[in-house]
Amino acid sequence: MFHYRQKNIIKNKEKVRQNNIIFILISTIIICICNIGLINNLVYAKLNNHVHNYNINNNNKEILLTVKHSNYKVVFTNKGAAIKTWAIKERNGHWLELLNINSNNFMANFENCFYKIIHSSSNKICFEYNSPLGWRITKTYYLSPHNNMHNLVCSLEKVNLFTQLPILEFNFNSFNLVNINSTTADSTSKIFICNQVKPNNVSILKHSKVLVGSLYKWIALSNRYFVYAFIPKMPSNFDQIKILKHSSPLHYSVKLKSNNNTLNKCSYSVDFLLGPKHYKHLKSYNLNLEKVINFGLFSFLGKPFFLTLILLHNLIGNYGWSIVLLTIIMQFLLLPLTLKSFKSLIVMKHLQPQIQNIQRQYANNTRMMQMEILNAYRTQKINPLGGCLPTLLQLPIFWAFFTILRNVYELRNEGWIFWIRDLSSPDKLLHIGNFYINFLPILMGIIMFLQQKITATTTSDISSYKNMIYIMPILFTIMFWSFPSGLIIYWIINSIFSLLEQYYLLKSI
C-alpha cells in the first residue's frame, strides 16, 4: 500500500521531470526512487516520524491577515499559522507593539509550513495544513473583543491511517515580549508557574528546568508591564515543560511538549493571555494571574498601599491626587511617633552639656561613664535612639511605594497636573538636546534643604551637621533624577508635611 504525492512533495516541477524522481509514502517510510530507463534505483529512504522539515509544498507564499478591535490589533501569518504582531491601544491613544518584530513568529507550529486560511472573521481565524506525510493540522484562534484572554485550538488528525501523528510543541521566549525601558533591571523577563495541586502556589523560576506538564495549571512570561500566559484546558495533554535560561543576553525560552498520541485524531485547547498586567483584569480570571505583578520585597506593605491607591482613585479620579492624599493619610497615622521622636531630639540637645560633663568627669572610667549617661537618659525619660525610629520606619514604606509606583501598569500614562503626564516616569519639564530637565527632583532638593536647616537647630553638634545640610539635598536630587514622578510627589508631600511638623514644634517649645 502506498500514497503517491509527487506534486506535493517536490517544490520544483521541472526538476521532477528532468531527474525522473518519484517520492512514495509507504506507511511511516518515505522512499525516493530514481527512474532512468528500465532501471529503478533507491536513492533515499527515511522514517516519516524523523522528518522535521515539513515545508514541502508549492503554495509557499506568506499571507498576512489583520484583525482589529477597539483595544488591540493582531496581524496573523499563514507561515506556521502564527501571530506576527500584536499591538494594544494605551490610555494616551497610542498603539504599542507588544511583540518583538525581530523574534520568531509567535505561537507558530511547524513554522516552515504555509497554511491555508479556511476562515477569517473579527473573532475567529482558522488555518489548515495538509502534510505530505499523511496528517493534517487545523489551528483555530478564538479572539475576545473585550479582554485579553483568548483561546487556541489545535487539532491533529491522520489522513493516512498508517502514518504517525507528530508531537505538537508550543515555543515562546522573552525575545517575543517587548521590554519597555529595557536598560533597567526591573524590566527583565521572569518566568512564573502555577501549581495544579496548589493553585495558590505561584513561583518564579530563575534557572533552566524541565517540569512535568500535567502538574502545572499555567505558565507565564512577564516583564515590568506586560505578560504572556499559557493556560492549557487539559494540562495532562502536555508531558513536558522545558525552561531554558540564556545568559547572553539574559532571557528565557519555554517549550511545552504534547504527549505522544497514538489516536487517529487529537485536539489541544489552550487559553492564552497577552496584554498589560492590569491588576483588576488579571484578578477577574480567578487563576491567581495577578501574582505576576511585582509588589517588591515589602509586598505586605506594597499591596495594601496599591489597593488603597485604587480605592482613592475610584473616589477622586486622578492617581496624582490619590498619591498626595495617601501620603497625608500615612503621615497622620505616623504623627504621634514623629512628634515623640522630634521631642526626643530637642531634649537630647538640652541634655548635651550634662553628658559632656559626665564624659570629662569619668574620662578614665568607661564603665562608670556609661552608667551615668544611662541614668541621665532615664531621669529625662528619653531614648537616645528614639529620633531614628521614624526614619527607619520610612525606609520600608518608601521602598514599598517605590516598587508599586515603578511597576504597576495602572500608573502608566496616567497624568497629574500641568506637564506631568505619566506618573510612572520622570516629569520631563523641558529638554535641551537629549538632556531632560526634571523639575520635581529640583523642588524636592530645595524642600529637603529647608528641612535640613530646621533639623540642624535641634542638633547638639551643629559643626558636624553643617556639611550635611548642603550635601544631602544635592545627593538626593541626583539620585532621584530619573525616578518616577509619582514617587517624587510622595517624597515632596512627605517632606512638606514633616517640615510643617518641625516648624510647629519649634514654635510651641
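The values are calculated or read from the model by the stated rules, or taken from the named source; none is laboratory data. Please read all numbers here as calculations on a predicted model, not as lab measurements. No Cβ is skipped: glycine too gets one built from the backbone with ideal geometry, and neighbour counts run over all protein chains shown.
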Can you name the residue in the stretch 190-237 that is assigned to a strand (DSSP E or B) and touching a Pro at 6+ places or on another chain (Cβ under 7 Å) and, of all such residues, is surrounded by the most Cβ atoms within 10 Å (Cβ to Cβ)?
-> 226
Residue 322 in the same structural domain as residue 401 (by TED's automatic domain parsing), free of Cβ contacts under 8 Å to residues at least 24 places away in the same chain and under 28 Å from residue 395 (Cβ atoms) = yes
Would you check which residues across the stretch 412-435 are in a strand (DSSP E or B) and out of contact with any Phe, Trp or Tyr (no Cβ under 9 Å at 6 or more places or on another chain) and list them?
-> 431, 432, 435
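Right, residue 140: surrounded by 14 or more Cβ atoms within 10 Å (Cβ to Cβ) and under 24 Å from residue 289 (Cβ atoms) or not?
yes
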Condition broken by residue 107, with the remaining ones in (1) touching a Cys at 6+ places or on another chain (Cβ under 8 Å); (2) crowded, with 21+ Cβ neighbours inside 10 Å; (3) farther than 23 Å from residue 262 by Cβ satisfied = (1)
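In this structure, does residue 289 turn out to be buried (at least 19 other Cβ atoms within 10 Å of the Cβ) and over 18 Å from residue 397 (Cα atoms)? Please lay out each step first, then the result.
On the way: buried (at least 19 other Cβ atoms within 10 Å of the Cβ): yes; over 18 Å from residue 397 (Cα atoms): yes.
Here the answer is yes, as residue 289 does meet what is asked.
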Go through (1) assigned to a loop (DSSP other than H, G, I, E, B); (2) closer than 9 Å to residue 486 by Cα one by one and return the number of the condition residue 405 breaks.
-> (1)
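Residue by residue, here is whether (1) at pLDDT below 90; (2) of a type outside the set (Lys, Arg); (3) more than 25 Å from residue 82 (Cα to Cα); (4) surrounded by fewer than 20 Cβ atoms within 10 Å (Cβ to Cβ) holds:
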residue	(1), (2), (3), (4)
239	yes, yes, no, yes
260	yes, yes, no, yes
269	no, yes, no, yes
277	no, no, no, no
317	no, yes, yes, yes
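Need at least 3 residues that are within 30 Å of residue 279 (Cβ to Cβ), in contact (Cβ under 8 Å) with a residue 24 or more places away in the chain and not β-branched (Val, Ile, Thr) per element, so show me which strands (runs of 3 or more DSSP E) inside the stretch 115-170 make the cut, counting only ones lying wholly within it.
Of the strands (runs of 3 or more DSSP E) lying wholly inside the stretch 115-170, those with at least 3 residues that are within 30 Å of residue 279 (Cβ to Cβ), in contact (Cβ under 8 Å) with a residue 24 or more places away in the chain and not β-branched (Val, Ile, Thr) span 149-158.
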In the stretch 268-292, anything on the phi > 0 side of the Ramachandran plot and either among the β-branched types (Val, Ile, Thr) or without any contact (Cβ under 8 Å) to a residue 24 or more places away in the chain (or both) is listed as 286
